[in-house]
């Protein structure tokens with residue numbers, strides 16, 4: 001990782017004074033970047049591990065924001081006209097006015113395979129390297145990634161939300177009372193995932209973006225009366241809430 005930080009830093013310094021255009025156009029003749037060579041365009045620095053070729057695409061820097069449930073992205077987006085495959089070092093510089101409430105020390109890269117403003121399309125790179133003094137966030141990708149959009153967002157805290165309460169018993173008999181497992185205020189955290197297990201550790205229900213719709217069924221069939229265990233994760237899996245749910249049926 002130290003080598004990655006050094007190379008990324010050098011890349012930004014080498015191109016900091018260049019008068020680069022905000023838009024990069026590559027025609028059918030293509031662009032070839034030799035492995036290990038620093039390539040930069042308007043604050044985006046790429047150092048491919050292997051020889052890297054591109055053709056018939058446009059890269060644009062935009063003042064765009066992706067809205068996450070808690071932290072929104074910085075006001076900077078790099079958009080490629082089509083997804084590109086890349087392995088190596090990626091670094092994105094930014095200005096303080098673009099932070100948009102984010103803290104420099106907690107910034108991580110976020111990338112999407114499609115051109116999108118929906119946070120669900122983006123993958124947060126938890127291992128990102130950031131520097132508050134040099135104003136960049138980057139990462140060495142040892143395995144190739146596909147991306148069309150690149151931005152940065154604050155690494156969310158590991159604390160579970162305190163305003164979430166869930167019932168620990170459901171009686172799914174259709175009488176309108178306790179028929180569903182309800183997590184109060186879950187709509188405030190749409191970037192969540194729930195998994196419910198039986199005593200044997202088998203998953204009997206899972207859902208991304210839980211919406212209080214589970215009624216004690218597995219594959220369309222009612223589960224037997226018993227106690228089940230749930231894991232409810234938030235913030236891209238960095239915080240979670242756990243507990244038990246008892247299914248009780250009328251005798």
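Diagonalising the gyration tensor over the Cα atoms of the chain and scaling each eigenvalue by 5 before taking the square root yields semi-axes of 45, 18, 16 Å, largest first.
With both labels modelled 7 Å from their Cα along Cα-to-Cβ, the residue 96 to residue 212 distance reads 4.4 nm. The value of relative contact order for region 7-154, using C-alpha pairs under 8 Å at least six residues apart, is 24 percent. Rounded to the nearest 10 degrees, what's the angle between the helix 2-15 long axis and the longest principal axis of the chain, both from Cα atoms, 0 to 90? For helix 2-15, the angle is close to 50 degrees. Note on region 7-154: along the principal axes its Cα atoms extend 43, 30, 30 Å, ordered by decreasing extent. The modelled label-to-label distance for the pair residue 185/residue 229, using points 7 Å beyond Cα in the direction of Cβ, is 2.6 nm.
For region 165-247, what does the relative contact order come out to in percent, with C-alpha contacts under 8 Å and a separation of six or more? About 31 percent, as a whole number. Listed from fewest to most Cβ neighbours within 10 Å, the set 73, 28 follows the order 28, 73.
Beta carbons within 10 angstrom, averaged per residue: use that to sort the peptides 214-222, 123-131, 88-96, highest first.
Ranked by mean Cβ neighbours within 10 Å, highest first: 88-96, 123-131, 214-222.
The label-point distance for residue 58 and residue 133, in a model that sets each label 7 Å from Cα toward Cβ, rounds to 4.0 nm.
Between residue 117 and residue 37, the C-beta separation translates, for a Förster distance of 25 Å, into a calculated FRET efficiency of about 0.20.
Computed from the coordinates by the stated procedures, all read-outs in this text should not be read as laboratory data. Because the structure is a prediction, the values reported are computed rather than measured. Using ideal geometry, Cβ is built from the backbone for each residue, glycine included, and neighbour counts are taken over all protein chains shown.
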